[in-house]
Amino acid sequence: MSMKGKALYTFQSENKEEISIQENEELVIFDDNSVDGWLQGENSKGQRGLFPASYVEVIRPRSNSNLTDCSISPVGSPGNDSSYFPSAPNTPFHMQQGYYDDDDDDWDDWDDSSTVVDDDGRSGANGHSHQSPHSNNPNVHYRAKPYMERQDSISSSRKGSMVGRNLNRFSSFVRSGVEAFVLGDVPMNAKIAESYTIEMGPKGPQWKESPTPFSCSIEDPTKQTKFKGIKTYISYRVTPSHNARPVYRRYKHFDWLYNRLLHKFTVISVPHLPEKQATGRFEEDFIEKRKRRLILWMDHMTSHPVLSQYEGFEHFLMCADDKQWKLGKRRAEKDEMMGANFMLTFQIPNEHQDLQDVEERVDSFKSFAKKMDDSVMQLTHVASELVRKHLGGFRKEFQRLGNAFQNVSQAFMLDPPHCSDGLNTAISHTGRTYENIGEMFAEQPKYDLFHMLDKLSLYQGLLANFPDIIHLQKGAFAKVKESQRMSDEGKMDQEEADGVRKRCRTVGFALQAEMNHFHQRREVDFKEMMQAYIKQQIAFYQRVGQQLERTLHMYDNL
């Protein structure tokens, strides 16, 4: 039930999910139970959105035996997780796709009863967190702050920590838990079962290579049915090199793994999975395209020193028993080393790094990533247009040319006394040659351009992740500067400010290691992509030249 409220302070909105309120302004509050210190309501201008609960007093109706009056009381505590939004008018994007894409259905025989309990207590199926209806954009997914992080933030505020928290709870800096980590709100767990080492390399911090590198093949996409043919899906044979024992996975199993990785590895660019498709999921071309892109995705995963060591990834690759799969799946979904806690798993070098130098390197990478993203998009557009021409325009033009030669040959045959059979045959063969060349153009993209577009799609996904990852480092830098300013003003102990700086170093080392890994993979991948494309182009034009040479020789002895 909605109720009235009064703004105690002025608040300026920072994004489209929030609304501005003015001191003493009358408000309508849809629910007085706050979530992470935020309420949803309407201001006097009729604008609806979020504003800080601590900025508002709620005027509550209070019933008495003979009369009803109103009392003013502060809003509920920030840790209250009660739902405060009405039912979302739009179904979340991943659920919309589930209506028509079998790859998004429940886990069937893998785990019919399993649901994922998200970090804030809300559940989601297949490893997806339910999208909170904070935004009308169905493509935007918000990751809630982990429960441990909220509790730590509250306890820290009781201890009197002076560095301000970011009021924008949708910021990736807040959602990822990096803010809580940098501010020291995450207690050190004495039993951290996993560890990821960052070491100094010739080009700066880098992830320590996996002691047991491996590869993984994805083969034999096969249509399967269940429930007496009611449900149909594609199964892939997945074979890791370190044990050579295949397991069979559907796309939704890849999707589950992707979501686990996305939630855990906040400072790593996890490549996007191949896109879903509403119709034609069982057409040969789509199945082949998805397989190619899953292979690239898997190659990137196995080549990453951190992602390849993840226990959930190992479980995905090696578990063939249904019962063990369910146990491992639930264990991965209950992983405590997520968000802010994940930052505790890093072992960083002792080398000193000036934070100003780190910030400059991050800014340089940010400019590079933006330019690379633009150029990859441009190349994707050009290559896609070239595919369209190969399949349509080029084929059609060569067929028209071949047909024209055929017509000349037929015309020469209409006056038999002056007909040269050899010349007519050669011209007719020339027409068929150009028709064949048209078909060769139509077939060629599957050997070169399709593979180029696959690789570019992978990098579009990787590059799309970096703005949020860089934002984590920017947020950490800001907290360092704020803590040092407060220390200089005598408002904070220097020891506490040094702690913020030390934890910021951890974030900086992790980001630089990921940047260096990206550059390393980029050089390998683009070298391979360009070599493969040019080799296929040479082979293609050699085949075209051979066809034309054979045709030319037909005119030699006329």
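The values are calculated or read from the model by the stated rules, or taken from the named source; none is laboratory data. What you are looking at is a predicted structure, and each value in this text was computed from that prediction instead of being measured. Please note: Cβ atoms are built from the backbone with ideal geometry, for glycine as well, and neighbour counts cover all protein chains shown. Quick note on the areas: whole protein, heavy atoms, side chains included, nothing else; ligands and nucleic acids left out. Shrake-Rupley method; radii C 1.70, N 1.55, O 1.52, S 1.80 Å.
Residue-wise test of (1) surrounded by 11 or more Cβ atoms within 10 Å (Cβ to Cβ); (2) outside the structural domain of Phe509 (by the TED database); (3) of a type in the set (Phe, Trp, Tyr); (4) in a loop (DSSP other than H, G, I, E, B).
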site	(1), (2), (3), (4)
Ser210	yes, yes, no, yes
Pro213	yes, yes, no, yes
Ser217	yes, yes, no, no
Asp220	yes, yes, no, no
Ser235	yes, yes, no, no
Val238	yes, yes, no, no
Ala244	no, yes, no, yes
Tyr248	yes, yes, yes, no
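From Asp415, Asp454, Asp468, grab the single residue that is more than 23 Å from Gln547 (Cβ to Cβ), open to solvent by 10 Å² or more (accessible area, probe 1.4 Å), in contact (Cβ under 8 Å) with a residue 24 or more places away in the chain and not hydrophobic (A, V, I, L, M, F, W, C).
Just one listed residue meets the conditions, Asp468.
How many residues, within the range 312-326, are surrounded by 14 or more Cβ atoms within 10 Å (Cβ to Cβ) and either acidic (Asp, Glu) or out of contact with any Gly (no Cβ under 9 Å at 6 or more places or on another chain) (or both)?
Counting residues in the range 312-326 that are surrounded by 14 or more Cβ atoms within 10 Å (Cβ to Cβ) and either acidic (Asp, Glu) or out of contact with any Gly (no Cβ under 9 Å at 6 or more places or on another chain) (or both) gives 6.
Of the residues that sit in the range 418-448 and are in a helix (DSSP H, G or I) and of a type in the set (Phe, Trp, Tyr), which one is least open to solvent (accessible area, probe 1.4 Å)?
Once the filter is applied, the top-ranked residue is Phe441.
Residues checked against (1) modelled with pLDDT under 80; (2) open to solvent by less than 30 Å² (accessible area, probe 1.4 Å); (3) under 35 Å from the mean Cα position of the chain (by Cα); (4) basic (Lys, Arg):
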residue	(1), (2), (3), (4)
Ser2	yes, no, no, no
Gly5	no, yes, no, no
Asn24	no, no, no, no
Val35	yes, yes, yes, no
Leu39	no, yes, yes, no
Gln47	no, no, yes, no
Ile59	no, no, no, no
Asn66	yes, no, no, no
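Scan the range 528-539 and tell me whether some residue there is within 17 Å of His451 (Cβ to Cβ), open to solvent by 30 Å² or more (accessible area, probe 1.4 Å) and among the acidic types (Asp, Glu).
yes
Yes or no, residue by residue, for (1) touching a residue at least 12 places away in the same chain (Cβ under 8 Å); (2) within 22 Å of Phe466 (Cβ to Cβ):
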{"residue": "Glu482", "(1), (2)": "yes, no"}
{"residue": "Asp488", "(1), (2)": "no, no"}
{"residue": "Ala497", "(1), (2)": "yes, no"}
{"residue": "Arg501", "(1), (2)": "yes, no"}
{"residue": "Arg505", "(1), (2)": "yes, yes"}
{"residue": "His519", "(1), (2)": "yes, yes"}
{"residue": "Arg522", "(1), (2)": "yes, yes"}
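For (1) at pLDDT 90 or above; (2) closer than 30 Å to Leu294 by Cβ; (3) hydrophobic (A, V, I, L, M, F, W, C), each residue gets a yes or a no:
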{"position": "Leu449", "(1), (2), (3)": "yes, yes, yes"}
{"position": "Leu458", "(1), (2), (3)": "yes, yes, yes"}
{"position": "Ile470", "(1), (2), (3)": "yes, yes, yes"}
{"position": "Glu482", "(1), (2), (3)": "no, no, no"}
{"position": "Met486", "(1), (2), (3)": "no, no, yes"}
{"position": "Asp493", "(1), (2), (3)": "no, no, no"}
{"position": "Glu496", "(1), (2), (3)": "no, no, no"}
{"position": "Gly499", "(1), (2), (3)": "no, no, no"}
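Could you tell me which of the residues Ala476, Ala510, Ala497 is open to solvent by less than 50 Å² (accessible area, probe 1.4 Å), within 18 Å of Ile198 (Cα to Cα) and among the aliphatic types (A, V, I, L, M)?
Among Ala476, Ala510, Ala497, only Ala510 is open to solvent by less than 50 Å² (accessible area, probe 1.4 Å), within 18 Å of Ile198 (Cα to Cα) and among the aliphatic types (A, V, I, L, M).
Return the residues of the range 275-292 that are closer than 30 Å to His471 by Cβ and either surrounded by 22 or more Cβ atoms within 10 Å (Cβ to Cβ) or acidic (Asp, Glu) (or both); say none if nothing qualifies.
Glu275
Consider Met343 carefully, then state whether it is buried (at least 18 other Cβ atoms within 10 Å of the Cβ) and under 30 Å from Phe477 (Cα atoms).
In short, yes.
Taking the residues in the range 302-338 that are of a type outside the set (D, E, K, R), touching a strand residue (DSSP E or B) at 6+ places or on another chain (Cβ under 8 Å) and in a helix (DSSP H, G or I) as candidates, determine which candidate is farthest from Tyr459 (Cα to Cα).
For the range 302-338, the residue satisfying everything is Met318.
In the range 348-371, how many residues are in a helix (DSSP H, G or I) and either in contact with a helix residue (DSSP H, G or I) (Cβ under 6 Å, 6 or more places away or on another chain) or open to solvent by 40 Å² or more (accessible area, probe 1.4 Å) (or both)?
Result for the range 348-371: 16.
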